[in-house]
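Colleague: After the structure tokens below, expect a handful of questions from me.
The values are calculated or read from the model by the stated rules, or taken from the named source; none is laboratory data. Please read these numbers as outputs of a predicted model, since none were measured by experiment. Please note: Cβ atoms are built from the backbone with ideal geometry, for glycine as well, and neighbour counts cover all protein chains shown.
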Amino acid sequence: MPSTALPSAADDYAAPPGMNIGKAAWDAALTSIGARLRAAEAIRADFQALIDAGAGQALQVIQANVGPQLAALQQEIAAAQAALITAQGKIDALINSTTIEASAVIFAPAGTVSSTTVQAAIAEVASDAAATTTAIAAKADASALASAVSDFHTALAAVKTAAVVSVSAPTMLVAGRAYRIAGGVSIMLTLPDAPAAGDTIRIVDGEVISSSNQPVLARNGRTIMGQASDMTLDAPGVDFSIWWNGADWRLS
């Protein structure tokens, strides 16, 4: 007699003896498979949400701990550069000047000009030259430090970009962030209205783009790749960055 039992984990999902392969069996099997697939998709969505939350929290910790130290360092750099500019101005004025203040010239009493007084004068000039050399070296060190701070800003911007924001409704995009399209139907993603040169935004398909679900990237009064029209995202699995070059949004 045909069996109505379904394959189970107990026998590695092998068909039981006498299983009736009919519409009822196929419906029961596919319904069971569908339930398991939906459960797996729900677990995956929860896992992705945990990843997004963790990335956002990590960024907040970095900004809270590094931000104040960076601000203090920048203030010290600015003060050092201002002092160097002042010193350089005085050096330039001394080099370019055709006169020397009389109060700065010390004359030896008559009959006392000797090798000793000449050597003392030479020593004073050598001391001034050493101080000038030290100031120039300090200026070079400050420039190197400023370059290092700039590199840190670049790295911090990369960290910000790595923190992915999930969206499933119309959203006003913010420069320096990454967005994962996680739901909604043909939602509108609007680019910033006042971008600065170099502003970058990353767009990632969270496996929802299809022939019936095509989000739109709104240009917000600007142009995208030279075109004065919005951009429809109709390619499943897209992952790209769009950046403002000062006159146009460009894809990369």
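Colleague: Hey, any hits in the stretch 226-241 for a residue that's without any contact (Cβ under 8 Å) to a residue 24 or more places away in the chain, of a type outside the set (A, V, I, L, M, F, W, C) and surrounded by 13 or more Cβ atoms within 10 Å (Cβ to Cβ)?
Modeller: yes
Colleague: Looking at Ser229, Ser241, which one is assigned to a strand (DSSP E or B) and among the polar types (S, T, N, Q)?
Modeller: When all the criteria are applied, what remains is Ser241.
Colleague: Now for a separate question. Restricting attention to the stretch 177-212, report how many residues are part of a strand (DSSP E or B) and either assigned by TED's automatic domain parsing to the domain that holds Ala55 or within 19 Å of Ala49 (Cα to Cα) (or both).
Modeller: Summing the residues that are part of a strand (DSSP E or B) and either assigned by TED's automatic domain parsing to the domain that holds Ala55 or within 19 Å of Ala49 (Cα to Cα) (or both) in the stretch 177-212 gives 8.
Colleague: Sort through Val66, Val61 and tell me the only one that's under 30 Å from Val164 (Cβ atoms) and surrounded by 11 or more Cβ atoms within 10 Å (Cβ to Cβ).
Modeller: Residue meeting the stated conditions: Val66.
Colleague: For residues in the stretch 29-44 being among the aliphatic types (A, V, I, L, M) and surrounded by fewer than 13 Cβ atoms within 10 Å (Cβ to Cβ), which is farthest from Val165 (Cα to Cα)?
Modeller: It comes out as Leu30.
Colleague: Output the number of residues of the stretch 159-175 satisfying the condition of being farther than 20 Å from Gln48 by Cα, within 17 Å of the chain's Cα centre (by Cα) and either at pLDDT below 55 or surrounded by fewer than 17 Cβ atoms within 10 Å (Cβ to Cβ) (or both).
Modeller: 1
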